[in-house]
Structure formats: structure tokens, C-alpha cells
Amino acid sequence: MSEPAPDTGMGYYPARVIVDLDAIRANLRRLAYAAPSAALMAVVKADGYGHGLLPVAGAAVEAGATWLGTAQLDGAFALRAAGHEVPVLAWVYAPGAPFEAAIAADIDVTVPARWALTEVVDAARVAGRPARVHLKVDTGLGRGGSFLEPWTDLLHAALDAEQRGEVRVVGVWSHLARADEEDHPSVAAQIEVFDEALGRAEAAGARLEVRHLANSAATLAHPRTHYDLVRPGLAGYGLSPFAHRSAADLGLRPAMRLEADLELVKAAPAGQGVSYGHTYTTTRDTVLGVVPLGYGDGIPRHASNVAPVQVAGRRHTVAGRVCMDQFVLDLGPDAGRLEAGEVAVLFGAGDDGEPTVRDWADAVGTIDYEIVTRIGPRIPREYLGAAQATDATGTGGAALAVNLPDQEATEALGRHLAGLLRAGDLVVLTGDLGAGKTTLTRGVGDGLGVRGPIASPTFIIARVHPSLVGGPDLVHVDAYRLGSLDEVDALDLDASLDDSVTVVEWGEGMVESLSEDRLEVSLERPRGAGTDPEGPEPGRVARLHGVGPRWAGIDLQWDRA
Ligand SMILES: *Cc1c(COP(=O)(O)O)cnc(C)c1O
């Protein structure tokens, strides 16, 4: 028998970064929904914006990202070493970069200039296989890539190399300068240059897999930038790229939480200078709390006397200077009940008044990107949602089960759902005859404000209930006799499904053939209950399940008042 290993104490840290992978999954589904015609590259550079490269990449792929993007090659190598097989693009390196290893690892590389093409071609010759390259054009950012004229020479050189089997020109791409600014004309100007570059590539015979331009801001705000592939980074982590729109405004949930255990709580007199330089002085007898994090952990020294921290539900401001490993909070005179070990939240998702990354960025005079990426690797990361709770369809999404004691409850649930529904939505109802599908639909119709009466659609296949309030119409379909939803379109209804809410009463097991986005509602009667719909109320259970990007991150929760 071997002795248990003694606890070395290694790995102890009085602070932690907690990363919510479910939030990252939901955010990426939200982004995919915003760019339905494009593939999704999750940008995981800088160690997944400080959240942790491999856990983030795993969650991203589970959420439907079919590409991963790293700036540095080492991140790309780490993704391959971890077994990721999706295309990976890296774009930051200098002459002498290990292109041979990149080609061997099947990593896509950017070619921004002749030197890179030369090195990549040489490496491909040694590797004995073509390199997958994306030609980068500088459409106006004034950073990476070639401006249009040298780019055209680069394009022809790359296509010559493709002829010789040395490279495969997979992509043409660029990056935007001001997509985060409301309607900034530079976006249209960059699109114009990009289209010119693409036109030249096409004319020269390029057979591109992907054309890509959009970062988070463009993915969310500029559909014309989507092309074949979008490359969001920040928004996937639940942070807003826009100065004047919060994460919540965008339907995003911040994934990173930073917290520490107070190392000391102590009474201090009025007039006490706090931390180096005494830039803060207590104004009354008070209680100080010492936080075991400092600029050595990536806490900006500019946070001194300005950044918010929450302790025991109350917000405080950093008191005095941030040191290398510690900073201080003035917890106020009535904090005497607090003790060492109390948790201090620097930032989180913003629930219950806790500070957010945006609060820190604003306080310090920087952007959300910098706050999260500089949080030091020495702080341990903990992951929530690490094991994906895959639902039956494998797509993730919101789910809820509710008890419906009577018909009124069923109708009330319908009205609740109407509040979540919008034009183009599809609701799929399953359940036995008499389980309450029509009753639920009546509630939906009531909530939407459409013309009734809503009756079982059994003999009419589909009925349109026009809106009486200027909202979407309700299309109520009995799909038992339809082979697929496409046949609904063929019915030539006096309504377009894109402008309506469509409720389909459907047979169990038939939903697989439906569109990607749908709200599934199954109504079940408890075993042994009678089947007479007008008979005594046996009660039902409704199981709600939002499927597809439309429903990712949507809170179905129903508080029946
Ligand atoms: C960082 C980066 C992105 C992602 O940008 P976000 O603003 O974080 O969405 C996309 N493309 C390139 C080239 C990048 O460097």
C-alpha cells in the first residue's frame, strides 16, 4: 500500500477566477443566431481572453463554433495537442516562425506580406504538403495585412504557389477599425475595399473556402460584414464591444468572475493613511479589509481609489494604492461583524449589484478586453458548466418543466409564452389528444392579441389568426397530416411564416425534421388520468425546451402570479 501523497500546499491561492462555460456557450449561440448565414470562428487568443484556452475552446466547439482563431501560433499548437480537429487560424508571428510545424499540425496561417508567403512556401516544400493560407488585406485598419495594391501582387504570387501545389489559398480576410462605433462610415468604406480585393481574387481564379471580416461588433451590428465566416472574440465571453451598450442590452452574459478571500479585517481609527503613499485617509473610525490581489495578478494599479469591489452585498471602492499582491478596502464603521475569509467580488456577471468588467474598465479608463486578458495566469481558474448538459437534441438550450393543475393554468402558460414569442418563431406542441394543446394555443393567441376563436385544427390543417394589435399573426397548424413544414408553405396561407408566430401541433417523434430554431412544448397527462378533454381536470406537466440559437440564453422561467 502506498502512503497518500502529503499535501504540498501547491496550488493554494486566496483568490479565484470562476468561468461560466454555459454562459460562453449561450453567448456563442447568440452570435451564431446574429449571423445565420456565416460559419462561426470563436476567437480564443490571449488564453481565451484570460478565461483559459482549452476550456473555452471546448465549450465553443460544443456551442457550434466550427473554426477557432488564435493570434499566436502557440495557442494553435495547444489546440491541436488537445485534440481539436476544427480548422484553426493563427495570425500573429514574425519571420522565423515555425511554419513547418504549423503545416504539419494542419494550422491555417495568415499571409499578410511577401516575407510570409516566402517562408510558408519554403516550409511547405519541406513538409511535403501544401499550407492552408488566408491572404490578409488591409482594408483600412492600418495594422495587419497588405494594402490593396501590394496585396494584388501577393495574391498572384500566392495563386502561382497554389498552382505549384505549395499552398492552398483558403481564405481572404481583413479586420475592421471602427465597427464598435454606431453607423461609422469607415465600415462601409472597408467593405468596399474588401469587395474589391475579393473581386480581384475571383478574377484571378482563387477558389476560396472563406471570406471573413467581422469581429464581435460587426457580427452583432453589421450584417453586411458577415460573408462566409464571422470571428467574434469579446462577445463570446459575454462582454459588450460597444461603449454605450451593455452586455445585457445585447443578450450576453459575462462569463468571468473574479473574487478573493479577505486576508484581514481590522478596526482602524479616523485619520489613518492607507497603503503606499497614503493616497487614501480614513475620515472616521472604520473597518479595513485587505484583499490578497494586486498588480502582480493583473489588477490595474490605475484601480487605486476608483474601482468597485463588493463585500457582503455592499459595494466599496479600492482604498489607496493597489500594491503588487494586495489592496485595501474601507468597509465602513458598521463592518465589524465581517471577518477574514469574507469573499470580495471584484467583478462578475452583474447579478445583485455586483460590479462588472465594464465597471472596472470605466473606472480605470480602459476597455473590457484589457481587464479580462490581463488577469494573471497565477490566479487559479475554476469552471462552471464544464460537463455539458447535452439535451436530447444535442443542441443545448433553455428547458423548463411546469405543473399545470387546470385549464386556466394551461392558458396562462400560453399567455406567458406569447410574451417571449416574436415574428418568425415556431412553437412545436406535442402531447396526446386532450392533453391541452389547443387550450395552450388559446392562451398564446390571447397573449398575442389575435382574432379568435382558436379551435382544434384537426380538420383544417392550418388556420391564420390575424393580429388585432399590429403584432405578428398566429398560424395554427395541425401537422399530423403533413409530411414536413415545407408543406405548410405550399398551403398558400394568407400569411407568411416569417411574419407570424407559428404553432404546430405535432406528433411525437416527428420534430427531428423541423427547422433548427423552435420552442418545443410537450404536454403530458399523468398516467391513469382519463382521456376526456372536458372531464375532471387531472392536471398536466408541460415541458418546455428552447432549441437552436434563437432560444439560447432565453429565460423561460414562469412565475405564475
Ligand atoms: C481579436 C480579433 C478578433 C475578435 O475581436 P473582438 O472584438 O474581440 O470580437 C477578430 N479578428 C481578429 C483579426 C482579431 O485580432
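Computed from the coordinates by the stated procedures, all read-outs in this text should not be read as laboratory data. Treat the numbers as computed from the prediction; the structure is a model and nothing was measured. Reconstructed Cβ throughout: ideal geometry from the backbone, glycine too, with neighbour counts over all protein chains shown.
Points to keep in mind about this one:
- For the stretch 447-454, Karplus couplings with θ = phi - 60° (6.51, -1.76, 1.60), whole Hz, Gly/Pro x: x, 7, x, 9, 6, x, x, 9
- Rg(Cα)/(2.2 N^0.38 Å) for the chain, N = residue count: 1.16
- Normalised by the number of residues in the chain, the average gap of Cα pairs under 8 Å and 6 or more apart makes the relative contact order 13 percent.
- Note on the stretch 256-384: Cα Rg divided by 2.2 N^0.38 Å, N the number of residues, gives 0.99.
- For the stretch 22-118, the convex hull spanned by the alpha carbon atoms encloses 99 Å³ per residue.
- Amide H to amide H, with H built 1.01 Å from N, Asp432 comes under 5 Å of Arg525, counting only residues 5 or more places away or on other chains.
- Calculated Rg and Dmax of the stretch 21-240 using C-alpha coordinates, Å: 16.5, 48
- For the chain, share of DSSP beta bridges that run antiparallel, in % to the nearest 5: 50
- Segment Val126-His156, extension gain: residue separation times 0.36 nm, minus the distance between their alpha carbons: 8.6 nm
- All lysines inside 26 Å of Lys45 as judged from Cα atoms, apart from same-chain residues fewer than 8 positions distant: Lys136
- The stretch 76-178: relative contact order as a whole-number percent, Cα under 8 Å and 6+ apart: 25
- Projected label distance in nm at Ser456 and Asp498, using a 7 Å step from Cα toward the beta-carbon: 3.5
- Under Karplus coefficients 6.51, -1.76 and 1.60, residue-wise ³J(HN,Hα) of the stretch 369-376 in Hz, glycine/proline x: 3, 6, 4, 6, 6, 8, 4, x
- The calculated FRET efficiency for the pair Thr281 and Arg315, based on their C-beta separation and a Förster distance of 25 Å, comes to about 0.80.
- Hz values of 3J(HN,Hα) by residue in the stretch 41-51 - Karplus curve (6.51, -1.76, 1.60), Gly and Pro given as x: 9, 7, 8, 10, 5, 6, 6, x, 6, x, 8
- Protection proxy ranking of 47-58, 240-251 - average other beta-carbon atoms within 10 Å, highest first: 47-58, 240-251
- Semi-axes of the equivalent ellipsoid for the stretch 298-447, computed as √(5λ) from the eigenvalues of its C-alpha gyration tensor and ordered from largest down, come to 48, 19, 16 Å.
- Cα centroids of the stretch 76-139 and the stretch 285-339: 45 Å apart.
- Each peptide in 227-237, 15-25 receives the mean, over its residues, of other Cβ atoms within 10 Å, and ordering these scores from highest gives 227-237, 15-25.
- Cα-based equivalent ellipsoid of the stretch 77-204: semi-axis lengths in Å, sorted from largest, via gyration tensor: 26, 18, 12
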